[in-house]
Structure formats: structure tokens, C-alpha cells
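Quick note: the coordinates plus some simple rules give every number you see, no bench work behind them. Just so you know, these numbers come straight off a predicted model, no measurement behind them. Here the Cβ is made from the backbone with ideal geometry for all residues, glycine too, and neighbour counts use every protein chain on show.
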Amino acid sequence: MSTKEKELKEFTATAISVTPRASERIKKSMKIEDKENWGLRMSVEQGGCSGMSYKMSFDEKRGEQDKVFESSGLTIFCDINSWLYVRGIEVDFSDDMLNGGFKIHNPNANRSCGCGTSFSV
């Protein structure tokens, strides 16, 4: 296998992951909203103080062009356009009083805002 083929294989195999702590919090939210067997949809949209904003929502089924991942007991859906920006991210959760909430670690981001909800590539 050539170097280019290896790079392409690595690029297309890059997943989205969720830590066990974040998975627990997401599953609690799904239960409250009566969406226990749904998946987590990760996407991005224009906006935020750094240019692009993360968006997390629940979805009952995958879209035709979605990439699908499994992590920490969750099914994760991501449309192909968003995946180009969020491939390789890790979603974590902290219940810290001051800086708590979901934290997204994005290896593709050149810059992130202070609140952690937007980024640029």
C-alpha cells in the first residue's frame, strides 16, 4: 500500500469519540427527552466568535450521506460536510461549577473561542 493510500485510509477511518463521562450525561438527557434509543448528531454551522459553531442534537435515524460511529455506548451521526471539520474530535463533559459542560477537543481547529463552542480551521 502506498503512502498516499495509507493517508487516505487513515483520513476516512477517523472517528468521532465520546468519553464515558459525556456519554453518561448524554444518555441522561436522552432519557429525560424520551429519546433513549436515538443517536447523537454532531454537526457544525457558520457562526460563533471563531467562525464555526458545534451543534449537538438527538436524531432517530441516520441520513443518507451520514457517517456513523459508535463510542461509549452511543451511536453518533455526522453529515459528511460537518465531518470534514469534526473528524477526530472527542466530546467530554465536566461538572465543574465554573467551567462545566460539554468540552469538544478538536485536533483540526486552528483556534477556539474562550467558551469552547466555536472554532476555526
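Miscellaneous remarks
- The slack in the chain from GLU10 to GLN46, taken as 0.36 nm per residue of separation less the alpha-carbon distance, amounts to 10.3 nm.
- In a reduced charge model with +1 at each Lys and Arg Cβ and -1 at each Asp and Glu Cβ, region 16-120 shows a dipole moment near 160 debye about its Cα centre.
- For region 16-120, the alpha carbon positions stretch 37, 34, 19 Å along the principal axes, listed from largest to smallest.
- Annotation: aspartates and glutamates with alpha-carbon distance below 13 angstrom to LYS55 (same-chain offsets under eight excluded): GLU45, ASP79.
- Gain on full extension, evaluated as 0.36 nm per residue between MET97 and SER53 minus their Cα-Cα distance, stands at 13.5 nm.
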